[in-house]
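The values are calculated or read from the model by the stated rules, or taken from the named source; none is laboratory data. Values in this document were obtained by computation on a predicted structure and should not be read as measured data. Cβ placement follows ideal geometry from the backbone for every residue including glycine, while neighbour counts extend to all protein chains displayed. Ligands, DNA and RNA are excluded from the accessible area calculation, which covers all protein heavy atoms including side chains. Shrake-Rupley method; radii C 1.70, N 1.55, O 1.52, S 1.80 Å.
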Amino acid sequence: MLAALLRKKPITPVHSETELHRSLSAFDLTLMGIGAIIGAGVFVLTGIAAATKAGPAIVISYFIAGLASMFAALAYAELAASIGGSGSAYSYAYIGFGEFIAWIIGWNLLLEYIMSVGTVAIGWSGYVNNLFQAMNIYLPDAITKNPFEGGVINLLAVLIIFLLAVLLCVGVKQSARFNAAIVFIKLLTIAIFIAVASVNIDIKNWENFLPFGWSGVMQGAALVFFAYIGFDALSTTVEEAIEPQRSIPIGILLSLVICTTIYIVVAALLTAIVPYTILNVESPVADALLKIGYHSVAGIIAAGAIAGLTTVMLVVFYGLTRICLAMSRDGLLPVSIGNINSKTRTPITIILITATLIACIAGFVPIHKAAELVNIGTLAAFTFVCGGVIIFRATHPDLERPFKLPFSPYVPILGMIFCIYLMFNLSVDAWWRFGIWSVIGIVLYFAYGYRHSVLE
């Protein structure tokens with residue numbers, strides 16, 4: 001059966017109506033990875049996690065979360081290069097664990113991606129609103145806040161979602177070019193912060209390095225893991241990547257190494273220039289610069305944050321549409337929504353449907369509610385991907401592996417241990433909501449997916 005499934009999941013599409021256009025190089029993919037990873041982690045979560053979880057030891061939290069992500073990234077790289085498919089962890093679970101487990105993974109990936117893009121859109125709208133206020137332009141609460149915060153709709157968040165949807169509809173190469181330009185702005189912004197912060201270090205701010213103990217460090221790692229979500233979206237580019245067996249592993253691993261280094265450096269400098277206790281704010285990097293008197297640089301950082309959050313939304317939104325495409329090809333979602341537009345070579349129907357769902361989240365749900373479910377779904381998917389490498393090594397030892405994960409099975413086992421441990425450092429509420437969402441997915445599978453499955 002596994003051999004049949006492997007034949008069913010070729011790297012090259014077999015139907016012209018669902019064929020995507022190959023246009024992404026390893027350089028494009030690396031920039032997409034940086035665009036997806038660097039965003040809320042640098043500009044929002046670093047300060048919040050330092051103030052409430054780990055203190056200056058947030059640098060260790062980032063290292064641990066980055067190490068867990070690296071183990072998962074190596075597993076993704078091997079499976080993406082050897083199996084292919086545009087469905088990321090869903091596709092690997094389909095082949096390694098069967099259709100039902102694949103549906104559960106895919107269902108939770110949809111939750112992760114939708115909530116992730118919605119959460120970042122809410123944060124993006126907050127930064128843009130602050131920028132308007134700096135220019136003495138004050139928008140009414142009715143169109144800048146959701147109903148739970150005294151408004152009607154977060155219109156800025158809704159608008160950015162549909163603008164990105166239009167960009168994705170136009171074509172992936174155009175989206176990649178836009179991403180590359182914004183990534184350059186984002187990296188320049190971070191370089192400016194590093195240059196300014198490095199000459200304003202006060203080592204006294206690190207005297208109480210572990211204020212919350214080791215448990216705080218691990219809780220911080222579980223929280224900032226959100227910062228690494230996005231690199232897995234690169235594994236959905238198999239059908240649009242040039243030489244995917246080579247370019248995808250390069251893009252995944254290189255972008256993750258670059259971003260982990262940036263996170264650790266920024267976290268170290270941020271907690272060294274001001275006391276960690278004052279960083280529990282929506283824009284901690286800009287706020288810290290204001291505290292030490294760099295007002296103009298703080299404005300540049302705010303603009304860079306807007307750029308950074310934009311690319312995160314773009315790349316993760318892209319990954320979401322490709323996972324939906326893979327699931328529709330398998331019949332677990334309606335096959336009709338997976339048709340590719342003949343002119344743009346993009347799945348326009350899927351893009352518009354998912355844009356509408358995300359816009360509802362971004363427009364009407366508070367940011368903390370939208371963010372709660374993201375990490376646990378991601379960690380579950382990463383655990384299955386690491387397990388998939390072990391299973392494929394045992395069941396298909398002769399499978400061609402253009403990229404081979406080193407030190408197997410130890411690396412994927414360590415990846416599973418790290419991810420499961422971080423999952424147990426999340427709140428009980430997150431587990432309850434994760435369980436409820438999974439139960440809903442099981443009901444939908446037997447009500448629709450099982451009856452319409454291509455495999456069936």
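Chymotrypsin sites (Phe, Trp or Tyr not before Pro) within the range 88-179: which are DSSP loop residues with at most 15 other Cβ atoms inside 10 Å? When the chymotrypsin sites (Phe, Trp or Tyr not before Pro) of the range 88-179 are filtered for loop state and at most 15 Cβ neighbours within 10 Å, Tyr138 remain.
Geometric descriptor of the range 231-270, per residue, is 56 Å³ (volume of the convex hull of the Cα atoms). Adding -39500 (n - 2.57) for every DSSP H run of four residues or longer, then dividing by how many residues the chain holds, sets the calculated 222 nm ellipticity at -22000 deg cm²/dmol. What angle do you read, to the nearest 10 degrees and between 0 and 90, between the alpha-carbon axis of helix 374-395 and the longest principal axis of the chain? Around 40 degrees separate the two axes. Computed from Cα positions, the angle between helix 213-224 and the longest principal axis of the chain comes to roughly 60 degrees. Between the helical axis of 428-444 and the longest alpha-carbon principal axis of the chain there is an angle of about 30 degrees. Summarising the amide proton neighbourhood of Leu24: residues at separation of 5 or more, or on other chains, whose placed amide H is nearer than 5 Å comprise Ala241, Ile242.
Taking a temperature of 25 °C and a viscosity of 0.890 mPa s, what whole-number D in µm²/s does Stokes-Einstein yield for the range 338-456 with Rh from Kirkwood over alpha carbon pairs?
Estimated diffusion coefficient is 137 µm²/s.
Taking all protein chains together and rolling a 1.4 Å probe, Arg401 ends up with roughly 40 Å² accessible. Going by accessible surface with a 1.4 Å probe and the largest first, Leu223, Leu289 read Leu223, Leu289.
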